[in-house]
1. Looking only at segment 50-69, count every residue that is surrounded by fewer than 17 Cβ atoms within 10 Å (Cβ to Cβ) and in a loop (DSSP other than H, G, I, E, B) and tell me the total.
2. Residue under question is Trp153, and the condition is that it be surrounded by 15 or more Cβ atoms within 10 Å (Cβ to Cβ), at pLDDT 90 or above, touching a helix residue (DSSP H, G or I) at 6+ places or on another chain (Cβ under 8 Å) and part of a loop (DSSP other than H, G, I, E, B); does it hold?
3. Being of a type outside the set (S, T, N, Q) and closer than 21 Å to Leu4 by Cβ is true for just one of Val83, Val98. Which residue is that?
4. Report the residue count in segment 1-60 for those that are in contact with a Pro (Cβ under 6 Å, 6 or more places away or on another chain) and free of Cβ contacts under 8 Å to residues at least 60 places away in the same chain.
5. Quick check, is Val95 open to solvent by less than 90 Å² (accessible area, probe 1.4 Å), at pLDDT 90 or above and among the β-branched types (Val, Ile, Thr)?
6. Which one is farthest from Thr62 (Cα to Cα) among residues in segment 185-198 that are open to solvent by 50 Å² or more (accessible area, probe 1.4 Å) and not in a helix (DSSP H, G or I)?
7. For Ser113, all conditions in the list (1) hydroxyl-bearing (Ser, Thr, Tyr); (2) at pLDDT 90 or above; (3) more than 27 Å from Leu82 (Cα to Cα) hold save one; what is the number of the exception?
8. Just a yes or no: is a residue in segment 178-193 over 18 Å from Leu68 (Cβ atoms) and free of Cβ contacts under 8 Å to residues at least 60 places away in the same chain?
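The values are calculated or read from the model by the stated rules, or taken from the named source; none is laboratory data. These numbers come from a predicted model, not from an experiment. Note that each Cβ is placed from the backbone with ideal geometry, even for glycine, and that neighbours are counted across all protein chains shown. Keep in mind that these areas ignore ligands, DNA and RNA; they rest on the heavy atoms of the full protein, side chains included. Shrake-Rupley method; radii C 1.70, N 1.55, O 1.52, S 1.80 Å.
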Amino acid sequence: MGALICAGAALAPDLDHPAATISHAFGPLSHWLCEIVHTLSYAAYKGTRKKGDPRRSGGHRTLTHTWLWAVLIGGGTSALALVGGRWAVLAILFVHMVLAIEGLLWRAARGSSSDILVWLLAATSAWILAGILDEPGNGSDWLFTQPGQEYLWLGLPIVLGALVHDIGDALTVSGCPILWPIPVGRKRWYPVGPPKVMRFRAGSWVELKVLMPAFMLLGGVGCAAALNVI
């Protein structure tokens with residue numbers, strides 16, 4: 001479940017982009033939310049930029065692509081699970097299952113007719129997984145074991161997913177302002193990344209033909225190790 005939530009949460013930082021995959025995940029509702037987050041992100045950039053930060057016309061890769069956003073979203077999710085009980089947990093699982101399916105099967109999941117099937121699959125999966133984990137010893141109290149702390153851990157894979165997204169963006173040509181609001185030199189929105197010779201454009205052959213197969217192989221090895229197969 002943590003892996004599925006992490007996969008879904010890795011799409012969430014693109015809430016600041018009205019044309020991103022996440023903007024289509026929940027119909028007009030998610031598109032409207034993306035427009036709001038994009039406006040807020042742009043306002044945050046303009047309001048906090050230093051002299052070294054370039055002028056820009058949009059809010060993509062700003063507020064939602066920072067460590068602070070990741071921590072706040074993860075902490076808020078844990079608090080919601082703690083206060084809202086089972087229905088809040090089911091809502092959290094449903095949202096991230098939808099995003100995971102949209103992200104992993106984005107070609108097949110596009111279109112209004114596919115949306116309903118994705119939502120039904122996500123709702124069914126969330127209900128079944130929550131039921132399994134609620135059984136004694138199955139993981140609802142993983143890591144946080146005190147009474148009343150069930151599902152408090154849900155925020156952790158969400159933080160991880162957001163940071164994985166940010167690190168992936170940092171590898172591209174534009175970099176990613178992960179460190180905001182910590183200033184670096186004359187910039188508050190410093191684009192963190194490796195040396196420019198090691199960067200690539202998002203969606204380029206490096207990402208699709210080199211990195212994707214490499215990470216799929218590493219993920220398979222990790223799963224096999226977690227299941228004690230190797």
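1. Taking segment 50-69 and keeping what is surrounded by fewer than 17 Cβ atoms within 10 Å (Cβ to Cβ), we get 50-52, 54-58, 68.
Now drop any that are not in a loop (DSSP other than H, G, I, E, B), which leaves 50-52, 54-58.
Number of matching residues: 8.
2. No, not satisfied.
3. On the way: Val83 fails: closer than 21 Å to Leu4 by Cβ.
Only one candidate passes the filter, namely Val98.
4. Counting residues in segment 1-60 that are in contact with a Pro (Cβ under 6 Å, 6 or more places away or on another chain) and free of Cβ contacts under 8 Å to residues at least 60 places away in the same chain gives 3.
5. Values: open to solvent by less than 90 Å² (accessible area, probe 1.4 Å): yes; at pLDDT 90 or above: yes; among the β-branched types (Val, Ile, Thr): yes.
Criteria met by Val95.
6. Initially, segment 185-198 is screened for residues open to solvent by 50 Å² or more (accessible area, probe 1.4 Å), giving 185-188, 190, 195-198.
Next cut, not in a helix (DSSP H, G or I) only: 185-188, 190, 195.
Values: Gly185: 18, Arg186: 17, Lys187: 13, Arg188: 11, Tyr190: 10, Pro195: 20 Å.
Among them, the one singled out is Pro195.
7. (2)
8. Taking segment 178-193 and keeping what is over 18 Å from Leu68 (Cβ atoms), we get 185-186, 193.
Applying the additional criterion that residues be free of Cβ contacts under 8 Å to residues at least 60 places away in the same chain yields 193.
The answer is yes; a qualifying residue exists.
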